[in-house]
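Structure, as structure tokens:
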Amino acid sequence: MPANFKKYIFFAALLAVILTGVVRPSLFLLGNGTTTADGKARGAGDPLIVLPSLTAAAGSTGGGTGTGLAAAGTSTPRGVTPPTTLASEALVADLATGKTYFAKNADERWALASVSKLMTAVVATDLLGQNQHVTITEQMLAVDPSQQILQLGDTYTVSDLLHVMLLPSNNVAAEALAEFAGRARFLAAMNGRAEAWGMTNTYYDDPSGLSAGNQSTANDLLKLAQHVYTDYPQILAITRTPQVTVTEIATGRTTIVKSINQFAGTANFIGGKTGYTDEANGNLLSLFSYKDHPVFIVVLGTNDGYRFDGTEKLLDWLRANF
């Protein structure tokens with residue numbers, strides 16, 4: 001084959017890849033050290049993983065492309081043995097393309113519990129400045145008097161409250177962000193964003209997820225994850241952090257806040273959110289890097305302790321079959 005013709009083929013292929021515009025590289029820091037809530041690392045050697053960013057794929061539906069899957073029930077691509085899961089609902093999909101590998105009741109509505117806090121973080125990021133000061137009031141504390149982190153009269157930055165909300169899944173922090181922005185306005189923004197993102201089976205009744213009125217579907221949560229991954233990577237960075245130090249502004253008192261997500265700080269974990277209430281049982285939304293693809297796995301309505309094992313088994317099944 002003439003050398004000039006080989007060059008022509010190479011440059012034509014390169015041009016085709018560029019014109020598709022489906023993915024572009026983006027760096028995500030996946031570490032297991034301690035950070036402060038302003039994002040300053042404590043420790044060295046955090047590995048960097050290059051992951052694809054999403055563009056037009058953010059509008060994909062959970063049904064994927066070319067899989068022949070039904071919208072509900074238990075489905076996998078033809079010729080693949082489906083995994084076993086104890087979850088009432090589950091979905092395994094390629095986040096970039098929306099391609100579904102496994103779906104179980106993915107269009108049935110389910111109580112979100114604290115998975116709701118992902119949308120709370122989105123709206124708080126939109127409406128509030130990271131360095132704004134929020135003082136904890138009795139009304140904020142009333143949502144969860146048993147929590148031990150935030151006390152009456154404490155003042156924290158929005159950034160610190162986002163960390164307190166997402167790592168230990170603190171309900172008072174979620175309520176504080178919403179109250180500070182104006183609760184009615186905040187909830188309207190949460191539901192407005194869900195509507196704008198095509199989450200047609202989703203409704204938010206409160207910012208924390210304590211209300212059983214907070215409901216969604218696995219397919220809607222895929223859309224949420226696509227948009228958070230693309231437009232709010234700082235939220236996922238918080239959720240994959242094992243622990244942070246937050247500071248009460250008036251006194252300078254510092255508190256180490258630890259994540260309750262067992263995947264936080266582990267290799268290839270991009271981010272996600274836990275959830276549990278009596279109505280929802282155990283929920284878990286997770287994003288992993290697998291063969292340079294962001295993979296979405298959600299389990300809803302499962303045993304609280306099983307949600308991590310169940311997610312890991314679905315990830316192992318994906319690795320074994322695809």
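Throughout, read-outs are computed from the coordinates displayed, never taken from laboratory work. Since the structure is predicted, the reported quantities are computational estimates derived from the model, not experimental observations. Quick reminder, even Gly has a Cβ in these numbers, built from the backbone with ideal geometry, and neighbours come from all protein chains shown.
Brief remarks on what is shown
- Per-pair calculated FRET efficiency, R0 = 30 Å: residue 279 and residue 80 via Cβ, rounded to 0.05: 0.35
- For residue 99, nonlocal amide neighbours, meaning residues 5 or more places apart or on other chains whose placed amide H falls under 5 Å from its own, are 65, 94.
- For the stretch 281-300 versus the stretch 112-154, the gap between their alpha-carbon centres in whole angstrom: 25
- Exposure proxy ranking, count of Cβ atoms within 10 Å, fewest first, for 291, 117, 223: 291, 223, 117
- Rg/Rh ratio calculated on Cα atoms of the stretch 90-321 (Kirkwood radius): 0.95
- Inter-label distance for residue 137 and residue 290, nm, one decimal - labels placed 7 Å from Cα along Cα-to-Cβ: 4.6
- As a rough guide to protection, the peptides 233-239, 215-221 ranked by mean Cβ packing within 10 Å, highest first, stand as 215-221, 233-239.
- Here the Karplus relation 6.51 cos²θ - 1.76 cosθ + 1.60, evaluated at θ = phi - 60°, turns the backbone of the stretch 214-224 into coupling constants of 6, 9, 7, 10, 4, 5, 5, 5, 4, 5, 4 Hz, with x for every Gly and Pro.
- For the peptides 184-196, 154-166, residues were scored by their other Cβ atoms within 10 Å and the scores averaged per peptide; the highest-first order is 154-166, 184-196.
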